[in-house]
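The values are calculated or read from the model by the stated rules, or taken from the named source; none is laboratory data. In this text, all values refer to a predicted model and were calculated from it rather than measured experimentally. Here the Cβ positions follow ideal geometry from the backbone for every residue, glycine too, while neighbour counts run over all protein chains shown. For accessibility, only protein heavy atoms count, side chains too; no ligands or nucleic acids. Shrake-Rupley method; radii C 1.70, N 1.55, O 1.52, S 1.80 Å.
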Amino acid sequence: MNTEIIKIDPNDIDASLIDRAAEVIRRGGLVVFPTETVYGLGANTFAPEAVAKIYAAKGRPADNPLISHICSIEQVDLLAREVPAAAYRLMERFWGGPLTIILKRKASVPDIVSAGLDTVSIRMPSHSVAYELIRRSGVPIAAPSANLSGSPSPTTARHAAADMTGRADMIIDGGDSLIGVESTVVDLTGLSPVILRPGAVTAEDIASVTGSCAYGGDYANAPKCPGMKYTHYSPRADVWAVNDISNIKNDENSVILTYGENMGGGAFYAGKTVEDYAAKLFYFLRRADEEGYKTVYARLPDETGIGIAVRNRLLKSAGGKVI
Ligand code: AMP
Ligand code: MG
């Protein structure tokens, strides 16, 4: 398949270019597009043959459902059949942004989108290019991260192209993803909100709106979030999560990933804050492979704020290995 790469400035969107991408979605094709979390691989939610191409392009297991991306709260009615008041309050507070909401699905949502579950997951992104693509396509866009299944999610167009060239019809380069870890997934089908995948929106943030919110016990095996049971975010290099990074000595075959205090010595340094680290973690994991490192030592952040999401991704990437 021929993959066209187009560049769109998020601050000055070229309407004719975004219309061409929207046309690919309407025709049943696949478009890689930027969001504030990571790059997505999108197709028309209501075209099952198009959605099937997403699973094929990624090598994604058929029991791992997809998030539908929308551009207005009104579009929730196209997808969900029961929407509690708390869900609307969360949408008002956190959309567009990195929060995915799970609701009971309408029968009109194709089985393949929800991998046969009775639920549907929905998000409205804040990224201007993603927003315009959804709006001009005129349909919700089902989109997982634009990586081959098992690899770190792409946060740059170059990394998305490394996995999706020859597999998607079009790639939109809209600059680097600012958040860098995938959205928080919160299940609103029970009595109280449960986070199935941590992200930039924390349980505290959600509880400040709904009164309560818990992290689903074991992310790795939570049956309600099928995706979390698979190997994830793994580069070729052997990854270790490190509690005290200042103790680590690297050599020519290994690299240190860190933030906060800059260690120098060729370490990949994300910046001062854990938000900087979130933005760079997947980028660094891919860069470690590109530069031929055999081992990665990555600082394990504290369990607070977006650090909860970064710990979750890093521990999966490391297969649970901590030093
Ligand atoms: P990705 O788009 O690659 O970030 O993956 C989406 C994540 O959301 C996966 O971990 C899915 O298992 C999860 N997910 C999507 N839809 C649902 C749903 N209806 N119920 C539970 N988890 C879901
Ligand atoms: Mg993914």
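Of the helices (runs of 4 or more DSSP H) contained entirely in segment 67-138, those carrying at least 1 residues that are touching a His at 6+ places or on another chain (Cβ under 7 Å), within 16 Å of ligand 2 (Cβ to nearest atom) and in contact (Cβ under 8 Å) with a residue 24 or more places away in the chain fall at 128-137.
When you look at P152, is it within 16 Å of ligand 2 (Cβ to nearest atom) and modelled with pLDDT of 95 or more, yes or no? Yes: the conditions hold for P152.
With respect to (1) under 25 Å from V185 (Cα atoms); (2) under 20 Å from the mean Cα position of the chain (by Cα), the lone exception for A241 is condition (2). If only residues of segment 138-156 that are more than 24 Å from D238 (Cα to Cα) and buried (at least 24 other Cβ atoms within 10 Å of the Cβ) are counted, the one that is farthest from the chain's Cα centre (by Cα) is P140. Here the condition is being modelled with pLDDT of 95 or more and under 20 Å from the mean Cα position of the chain (by Cα); of I25, I13, I5, I18, it holds for I25 alone. Annotation note: of A143, A200, the sole residue that is within 13 Å of ligand 2 (Cβ to nearest atom) and at pLDDT 95 or above is A143. Tallying residues that are surrounded by fewer than 20 Cβ atoms within 10 Å (Cβ to Cβ) and in a helix (DSSP H, G or I) within segment 162-202 yields 1.
Within segment 73-84, none of the residues are open to solvent by less than 10 Å² (accessible area, probe 1.4 Å), of a type in the set (S, T, N, Q) and closer than 30 Å to L188 by Cβ. Just one of the listed residues (K280, K316) is modelled with pLDDT under 95 and under 20 Å from the mean Cα position of the chain (by Cα), and it is K316. In segment 18-25, the count of residues that are within 15 Å of A162 (Cα to Cα), buried (at least 22 other Cβ atoms within 10 Å of the Cβ) and small (G, A, S) is zero.
Condition first: in contact (Cβ under 8 Å) with a residue 60 or more places away in the chain, more than 25 Å from A47 (Cβ to Cβ) and within 10 Å of ligand 1 (Cβ to nearest atom). Can you find one or more residues in segment 169-182 that meet it? The answer is yes; a qualifying residue exists. All conditions in (1) outside any strand (DSSP E or B); (2) modelled with pLDDT of 95 or more; (3) closer than 22 Å to I67 by Cβ hold for A220, with the sole exception of (2).
T45 falls short on exactly one of the conditions (1) of a type in the set (S, T, N, Q); (2) touching a residue at least 60 places away in the same chain (Cβ under 8 Å); (3) open to solvent by 10 Å² or more (accessible area, probe 1.4 Å), and that condition is (3). If you go through segment 183-192 and keep only what is touching a residue at least 60 places away in the same chain (Cβ under 8 Å) and more than 16 Å from ligand 2 (Cβ to nearest atom), you end up with V186, D187, L188, T189. If you go through segment 32-62 and keep only what is part of a strand (DSSP E or B) and either farther than 18 Å from P110 by Cβ or of a type in the set (G, A, S) (or both), you end up with V32, F33, G40, G42, A43.
When the residues of segment 52-66 are narrowed to those that are charged (D, E, K, R) and under 16 Å from S153 (Cα atoms), which ends up most open to solvent (accessible area, probe 1.4 Å)? Checked segment 52-66; the qualifying residue most open to solvent (accessible area, probe 1.4 Å) is R60.
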